[in-house]
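Everything on this sheet refers to the single structure shown next.
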Amino acid sequence: MTKKFIFPIFAALTVTTASAQVGAPYIHDPSTLAECDGKYYTFGTGGGGLISDDGGWTWHGGAERPGGGAAPDVLKIGDRYLVAYSATGGGLGGGHYGKILTMWNKTLDPKSPDFKYSVAKEVAASDGVEDCDAIDAGLLYVKEQNRLFVSYGTYFGNIRIIELDPETAGRKSGAKPVDVAIDCEASDILYVDGWYYLLGTHGTCCDGVNSTYNIVVGRSKDIYGPYLDNTGRDMKQGGGKMVVNTYGKAVGAGHFGRFVVDDGVEVMSLHFEADFERSGRSVLSILPIVWKDGWPKAGKKMSEGVYSIQSERRGYALELATDFVRIQQDRQGWFRANNDEPVKPIATQQLADVQNTWPKGTAPARLSDYMLRPNQYWNIEPAEGKGGYPGNPYFKITINGTTRALAAGNGMDVVVNDNFTGDDTQLWRIEQCTDGTYRIMPKRIPGQSSDNTKFVLYSIADSTPILKEWDNGDNAKWNLVAEEK
């Protein structure tokens, strides 16, 4: 949140899709995402924040948070929402005096009759002289231990962690702040598989397209450190493994927050200091989290394109069930490979060669050997105006070059309709899993009155795709392989 100008170092993460959400996702220092009664919320510096009514894809203003100040965070504990924020500090207004405050609410919906924040409690402070700024709160609640912590601090000193009382969100009796890192700010803490992870934002902020903000991480078996990076360097010595920096045409990644969508499916919320496609404004972004060798990093948002959809179970490809049509060729066997006959490329099978042999009307989908065939190539593109989920819009999936659309069928079957109509059974949620594969989920299943949140595209056997409850296993995971040109 503070202004710092140092020599910029950039490292790019190549993607082919927009980094920001749609609507009006303009925010600085966003809190971790919170879901409340089907809507998603995030709060930012200066008070207020953003709301998504369509599952976490389209954002608009309207979230309310009293107290002003900077860099809030939010999490749900039981049936209440805890908000932490900082008053002044971080060089705002020319000083480093600051306070971290906490308050509760039963709901985040400002239109609810239960919407009322408790009186804010001060849990930490900085006097403007010491080597810490009380700003940029990051909350962690470890449910299995019933322990609550807040981290805070900026580049102008140390990052500190202090324990809070999980019932009151006041400072726990006898708790003292502990220094855990330097050279970063906008910290957040995670607890995953017995490890504590300290996420910090490194680099310069508040300089538009020249901002060098990037998010780094260290980990420890103890909440109070030492937090070491992948090379063993202590974050108190400036260590930190890169999580995300520049992404697409957006620079200045900062203010990490982890949101667990499901077992094996996670996203990070953050802002980019400047989106080149949006006048260099600070924007909210939601990216997949991939865990590799015990470390979190930014995954890839789903991109429009032509893919084969291959099962993690066996590697077979999803296809329209059709008769196999052989490709005619003048064969040159291995036993003739050393003669003087010229090498001739063989064209792959084309849609026009086989489309008339395909079944008419709604037909089953199946899995088969990936053979570069037209019935195995799927055009995946956003379904405009159909909403979405955290990080992406809903997609339509059609056989490339045709109108034939993948759909949820009756009896948990997976079928291919003649035409894409925009029906909810033809809309697909595609999310990168924490291991880098994808899960594919229909928005609606025939006969169900509400949106589907459980059933995914599933390989029940090597050749049989169905819809089955997500279990974070290989049967439920898919690899998207770009079309061979």
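The values are calculated or read from the model by the stated rules, or taken from the named source; none is laboratory data. Please read these numbers as outputs of a predicted model, since none were measured by experiment. With ideal geometry, Cβ positions are generated from the backbone for all residues, glycine too; neighbour counts draw on all protein chains shown.
For segment 148-174, a tally of residues being in contact with a Gly (Cβ under 8 Å, 6 or more places away or on another chain) and surrounded by fewer than 21 Cβ atoms within 10 Å (Cβ to Cβ) returns 1. Screening the candidates 273, 319 for the property of being touching a helix residue (DSSP H, G or I) at 6+ places or on another chain (Cβ under 8 Å), assigned to a strand (DSSP E or B), in the same structural domain as residue 378 (by TED's automatic domain parsing) and crowded, with 17+ Cβ neighbours inside 10 Å yields one hit, 319.
Within segment 191-201, the only residue that satisfies the criterion of being surrounded by fewer than 24 Cβ atoms within 10 Å (Cβ to Cβ) and closer than 19 Å to residue 245 by Cβ is 197.
When restricted to residues that are of a type in the set (A, V, I, L, M, F, W, C) and outside any strand (DSSP E or B), segment 207-259 contains 3. For segment 276-297, a residue qualifies if it is part of a strand (DSSP E or B) and polar (S, T, N, Q), and the qualifying residues are 282, 285. The residues listed here are 265, 243; of these, the one that is within 23 Å of residue 55 (Cβ to Cβ) and among the β-branched types (Val, Ile, Thr) is 265. Checking the structure you have, find out if any residue of segment 412-430 is under 28 Å from residue 192 (Cβ atoms) and either among the polar types (S, T, N, Q) or over 27 Å from the mean Cα position of the chain (by Cα) (or both). Within segment 412-430, none of the residues are under 28 Å from residue 192 (Cβ atoms) and either among the polar types (S, T, N, Q) or over 27 Å from the mean Cα position of the chain (by Cα) (or both). Candidates in segment 175-188 are the residues that are closer than 15 Å to residue 199 by Cβ and not acidic (Asp, Glu); of these, the one that is surrounded by the fewest Cβ atoms within 10 Å (Cβ to Cβ) is 182. Scanning segment 125-143 for residues that are over 16 Å from residue 103 (Cα atoms), within 31 Å of the chain's Cα centre (by Cα) and not small (Gly, Ala, Ser) returns 132, 133, 142, 143. Just so you know, in segment 444-474 the residues that are among the hydroxyl-bearing types (Ser, Thr, Tyr) and crowded, with 18+ Cβ neighbours inside 10 Å include one that is farthest from the chain's Cα centre (by Cα), and it is 459. Being touching a Gly at 6+ places or on another chain (Cβ under 6 Å) and not assigned by TED's automatic domain parsing to the domain that holds residue 431 is the requirement here; does residue 55 meet it? Against the criterion (touching a Gly at 6+ places or on another chain (Cβ under 6 Å) and not assigned by TED's automatic domain parsing to the domain that holds residue 431), residue 55 qualifies.
For segment 404-456, a residue qualifies if it is polar (S, T, N, Q) and either part of a strand (DSSP E or B) or under 16 Å from residue 471 (Cα atoms) (or both), and the qualifying residues are 417, 432, 434, 437, 452, 453.
Picking from residues in segment 226-270 that are surrounded by fewer than 24 Cβ atoms within 10 Å (Cβ to Cβ) and small (Gly, Ala, Ser), the one that is modelled with the lowest pLDDT is 248.
Against the test of being more than 19 Å from residue 234 (Cβ to Cβ) and either at pLDDT below 95 or part of a strand (DSSP E or B) (or both), the options 191, 155 yield a single qualifying residue, 191.
Listed here are the residues, each with its yes/no results for (1) assigned by TED's automatic domain parsing to the domain that holds residue 417; (2) within 31 Å of the chain's Cα centre (by Cα); (3) in contact (Cβ under 8 Å) with a residue 40 or more places away in the chain.
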{"residue": "351", "(1), (2), (3)": "yes, no, yes"}
{"residue": "360", "(1), (2), (3)": "yes, no, yes"}
{"residue": "365", "(1), (2), (3)": "yes, yes, yes"}
{"residue": "376", "(1), (2), (3)": "yes, yes, yes"}
{"residue": "379", "(1), (2), (3)": "yes, yes, yes"}
{"residue": "388", "(1), (2), (3)": "yes, yes, yes"}
{"residue": "391", "(1), (2), (3)": "yes, yes, yes"}
{"residue": "398", "(1), (2), (3)": "yes, yes, no"}
{"residue": "401", "(1), (2), (3)": "yes, yes, yes"}
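Do the conditions hold for residue 325, that is, is it at pLDDT below 95, β-branched (Val, Ile, Thr), farther than 28 Å from residue 460 by Cα and part of a loop (DSSP other than H, G, I, E, B)? No, not satisfied.
Comparison of 290, 243 shows that the only residue that is among the β-branched types (Val, Ile, Thr), assigned by TED's automatic domain parsing to the domain that holds residue 184 and closer than 23 Å to residue 43 by Cα is 243.
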